[in-house]
Amino acid sequence: MMNRTLLITGASTGIGAATARAATKAGWNVALLARSADKLEALADELGTMALAVPCDATDRDAVKEAVSTVTDHFGGLHAVFANAGKGVDNPGVEKGDPAEWHDMIHVNIMHVLYTAHETLPHLRKTKGMFIVTGSKAGRDHMKGSIYGATKWFVQGFAGNLAEEMREWGGRCTVITPGMVDTPFFDEGKPTKLQAEDIADAVVFALEQRDTSCVREIHLMPND
Ligand SMILES: NC(=O)c1ccc[n+]([C@@H]2O[C@H](COP(=O)([O-])OP(=O)(O)OC[C@H]3O[C@@H](n4cnc5c(N)ncnc54)[C@H](OP(=O)(O)O)[C@@H]3O)[C@@H](O)[C@H]2O)c1
């Protein structure tokens, strides 16, 4: 069988890069999207012909559209998407928060997910494909003044609604909701927390389900 193709946003570091490595091991082609072209090229070199680096700002709707068409032209189709790009803020809380930071974060954490879904669904429909999105524990629990958490509550709600839309044509949607993961999301290492590879394995588990099963959510917590 021809390799299936997975498009990953936020593929330059952390969870996205680990998922690219795990997915190629499981036989998937991977399209790597993020802004850092140098990191994407290095990862694509490491992974070989199964990988394609497609530098793109995921908050730019035209750039996402162009990236999706580059990917489908290159690999001949699209079977799954992992909408994983995301960011936090430096200034936590509402009263002490910075609305300019909220604006940028909402564009990445919410609008990029919507743009990516809008541009990829026509391709996923053709393959009865899968849309996987990175939510968070912060999108299932209430955290003091967290606007970041509120963006992930959006993702949690959206993923369920998209699952209902996609099932009309045999498509599937999964939200991955980790607690703390040791990635460049944090300035300092978190060796006892979840590792990016833990999340990558969960994504591959969702990808490898039989057609009869839709994993709607995978919630992982650090075991410390
Ligand atoms: N680490 C945690 O504890 C944790 C827990 C739960 C959920 N999450 C979620 O997991 C996802 C991945 O985060 P991570 O922990 O792996 O952190 P990370 O290493 O900082 O990765 C974030 C990724 O998003 C990309 N990105 C950010 N802004 C972008 C933009 N405008 N356009 C395109 N790509 C953009 C970054 O690439 P460039 O900078 O190269 O563009 C990078 O590849 C995020 O959605 C995060 O909210 C993280």
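Within the stretch 92-118, the set of residues being open to solvent by 60 Å² or more (accessible area, probe 1.4 Å) and in a loop (DSSP other than H, G, I, E, B) comprises 92, 94, 95, 96.
Of the residues making up the stretch 120-144, just one is in contact with a strand residue (DSSP E or B) (Cβ under 8 Å, 6 or more places away or on another chain), farther than 21 Å from residue 68 by Cβ, free of Cβ contacts under 8 Å to residues at least 60 places away in the same chain and in a helix (DSSP H, G or I), namely 139. Taking residue 139, is it within 10 Å of the ligand (Cβ to nearest atom) and over 18 Å from residue 35 (Cα atoms)? Criteria met by residue 139.
A single member of 198, 224 is over 29 Å from residue 70 (Cα atoms) and in a helix (DSSP H, G or I), and it is 198. The residue of the stretch 1-44 that is nearest to residue 108 (Cα to Cα), among those that are within 16 Å of the ligand (Cβ to nearest atom) and without any contact (Cβ under 8 Å) to a residue 24 or more places away in the chain, is 35. Within the set 64, 54, the sole residue that is within 13 Å of the ligand (Cβ to nearest atom), outside any helix (DSSP H, G or I), among the β-branched types (Val, Ile, Thr) and at pLDDT 95 or above turns out to be 54.
Okay, residues lined up against (1) surrounded by fewer than 17 Cβ atoms within 10 Å (Cβ to Cβ); (2) more than 12 Å from the ligand (Cβ to nearest atom); (3) more than 19 Å from residue 21 (Cα to Cα); (4) polar (S, T, N, Q):
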{"site": "163", "(1), (2), (3), (4)": "no, yes, yes, no"}
{"site": "167", "(1), (2), (3), (4)": "yes, yes, yes, no"}
{"site": "172", "(1), (2), (3), (4)": "no, yes, yes, no"}
{"site": "182", "(1), (2), (3), (4)": "no, no, no, no"}
{"site": "191", "(1), (2), (3), (4)": "yes, yes, yes, no"}
{"site": "195", "(1), (2), (3), (4)": "no, no, no, yes"}
{"site": "219", "(1), (2), (3), (4)": "yes, no, yes, no"}
{"site": "222", "(1), (2), (3), (4)": "yes, no, yes, no"}
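For the residues 128, 87, 152, 144, the requirement of being farther than 24 Å from residue 202 by Cα and not β-branched (Val, Ile, Thr) singles out 144.
Please work out if residue 9 is under 17 Å from residue 200 (Cα atoms), surrounded by fewer than 24 Cβ atoms within 10 Å (Cβ to Cβ) and not small (Gly, Ala, Ser). So residue 9 fails the test. Within the stretch 145-163, residues that are in contact (Cβ under 8 Å) with a residue 24 or more places away in the chain reach partners that are aromatic (Phe, Trp, Tyr) and surrounded by fewer than 19 Cβ atoms within 10 Å (Cβ to Cβ) with beta carbons closer than 7 Å, at six or more positions or on different chains, in the pairs 147/102. Here residue 77 clears all of (1) in a helix (DSSP H, G or I); (2) open to solvent by less than 30 Å² (accessible area, probe 1.4 Å) except the condition numbered (1). Across the stretch 75-83, not a single residue is classified as without any contact (Cβ under 8 Å) to a residue 24 or more places away in the chain and on the phi < 0 side of the Ramachandran plot.
Only a single criterion out of (1) among the hydroxyl-bearing types (Ser, Thr, Tyr); (2) open to solvent by 30 Å² or more (accessible area, probe 1.4 Å); (3) closer than 20 Å to residue 85 by Cα is not satisfied by residue 177, namely (2).
Evaluating residue 56 against the criteria (1) open to solvent by 60 Å² or more (accessible area, probe 1.4 Å); (2) within 25 Å of residue 148 (Cα to Cα) leaves one unmet condition, (1).
The values are calculated or read from the model by the stated rules, or taken from the named source; none is laboratory data. Just so we're clear, the structure is a prediction, and the values are computed from it rather than from any experiment. Virtual Cβ from ideal backbone geometry, glycine too; neighbours counted across all protein chains shown. Quick note on the areas: whole protein, heavy atoms, side chains included, nothing else; ligands and nucleic acids left out. Shrake-Rupley method; radii C 1.70, N 1.55, O 1.52, S 1.80 Å.
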